[in-house]
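Right, one structure below, let's go through it.
The values are calculated or read from the model by the stated rules, or taken from the named source; none is laboratory data. Note that the coordinates shown come from a computational prediction; the quantities given were computed from them, not determined experimentally. Cβ placement follows ideal geometry from the backbone for every residue including glycine, while neighbour counts extend to all protein chains displayed. Accessible surface is based on the protein model in full, side chains and every heavy atom, while ligands, DNA and RNA are left aside. Shrake-Rupley method; radii C 1.70, N 1.55, O 1.52, S 1.80 Å.
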Amino acid sequence: HTHMRAASRCAQLSTRSTLWAIGRRPHSVTRSCHSGKLACATSHKIQIAQPSPLPLQRLHRALVLMASCQPFGTHVDRTGTYARKLQGRGGEYIGKDVVPLWIADMDFEAPAPIVEAMVIRAKHGVYGYSDPPPELAELTAARLHTVYGCKSADTSWIRWQPGLACGLTHAVRACCASSSDLVAVATPIYPPFLSLVEVGGATVLPVPLAEARDGEAKLRYEIDWVAMESALSKPETKLLLWCNPHNPTGRCWSASDMRRLSQMCVTHDVTLCSDEVWGELVLTPDRAPFCSGLSLLAACNHGDGANTAAESTPSSGAASYEADQSAGTSVRGLAE
């Protein structure tokens, strides 16, 4: 089970055209393109496989091999850490022989440089209020440009939040004035999308995704465009909470899907809040490349309405960008 989870995580990391093999010490962190050398790091030495193409099955075997190396093959005892994953929301798993797969919580140690940085900061001894360094906003804006395709990314858009849920709630409160305002949500969806709408004082408008089955074993979800158009065209609909790649269906929405959806939001003056925390963890980017909503700003912001885009990225968390009403439609926002 541990090997499978580790291999899955490594496969996700490899979507950046790079495989990272991380050992227990900073010097054992190595990098190599997966089309060339495959690095397998332990805490004492680094083993390099011969350069060769890596078809999917062979890559999977290599990743399983990596999973058997440190630290992926090491069991970390989390007893006494009050881990919600192991205890369950209300403690229902305590004392039971359960393999908890219900929450996105990995059982792997953080890379040594991160642990060391945390220890150094903790040893300082004074834990007062702190602000993010200016460099963090600059690096985030640069990443929105290079990874997410947003050519106009600006540090003035960014507001830091402690988590995705806070960002979603801020988006609801920014766009909705009363419980009569509707927030469209494509279902099935990560449960907080639904509960946080009510916390924000608005009303959920579910828009079920269409199920496309290929036999009993294969299920694919598609956007029901008729239902989506109907939901967004309602005068009461102020916000669309979107998820790309979608949780829990796993769909990585295509560029054409995102363009069509974004244009609908512009047409009906609906804010698009796109949670993209899984954007860099696409399993097969060659077949289903990730298309960020931010990359569509130039196409959708043409000054014919108060278009609003809200974005959540793996590097910046939950965000919402509110478009200015002025000609040319500039963009500002709230980000984590």
Worksheet item: Which of the residues that make up the stretch 81-125 are charged (D, E, K, R), within 23 Å of the chain's Cα centre (by Cα) and open to solvent by 50 Å² or more (accessible area, probe 1.4 Å)?
Response: ARG84, ARG89, ASP107, GLU109
Discussion item. I need the helices (runs of 4 or more DSSP H) fully contained in the stretch 85-199, keeping only those with at least 2 residues that are modelled with pLDDT of 95 or more and polar (S, T, N, Q).
Written reply: none
Worksheet item: In this structure, does PRO245 turn out to be over 22 Å from GLU280 (Cβ atoms), at pLDDT 90 or above, assigned to a loop (DSSP other than H, G, I, E, B) and out of contact with any strand residue (DSSP E or B) (no Cβ under 6 Å at 6 or more places or on another chain)?
Response: no
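Every residue, every condition in (1) buried (at least 22 other Cβ atoms within 10 Å of the Cβ); (2) closer than 16 Å to ARG143 by Cβ; (3) modelled with pLDDT of 50 or more, yes or no:
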{"site": "VAL270", "(1), (2), (3)": "yes, no, yes"}
{"site": "CYS273", "(1), (2), (3)": "yes, no, yes"}
{"site": "PHE290", "(1), (2), (3)": "yes, yes, yes"}
{"site": "GLU311", "(1), (2), (3)": "yes, yes, no"}
{"site": "SER330", "(1), (2), (3)": "no, no, no"}
Response to the item:
Per the list (1) within 23 Å of ASP269 (Cβ to Cβ); (2) touching a helix residue (DSSP H, G or I) at 6+ places or on another chain (Cβ under 8 Å); (3) open to solvent by 50 Å² or more (accessible area, probe 1.4 Å), residue check on VAL185 breaks on (3)
Fill in: Long-range neighbours under 8 Å by Cβ, at least six apart or interchain, first residue touching a residue at least 40 places away in the same chain (Cβ under 8 Å) and closer than 16 Å to VAL185 by Cα within the stretch 248-267, second part of a helix (DSSP H, G or I) and not basic (Lys, Arg)
SER262/GLY293; SER262/LEU296; SER262/ALA299; SER262/CYS300; CYS265/LEU232; CYS265/CYS300
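Check the stretch 206-225 and report whether any residue there is touching a Cys at 6+ places or on another chain (Cβ under 9 Å), in a helix (DSSP H, G or I) and not polar (S, T, N, Q). Working first, answer last.
To start, the set of residues in the stretch 206-225 that are touching a Cys at 6+ places or on another chain (Cβ under 9 Å) comprises none.
Scanning the stretch 206-225 turns up no residue that is touching a Cys at 6+ places or on another chain (Cβ under 9 Å), in a helix (DSSP H, G or I) and not polar (S, T, N, Q).
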Discussion item. Exactly one condition in (1) surrounded by 13 or more Cβ atoms within 10 Å (Cβ to Cβ); (2) out of contact with any strand residue (DSSP E or B) (no Cβ under 6 Å at 6 or more places or on another chain) is false for PRO206; which is it?
Written reply: (2)
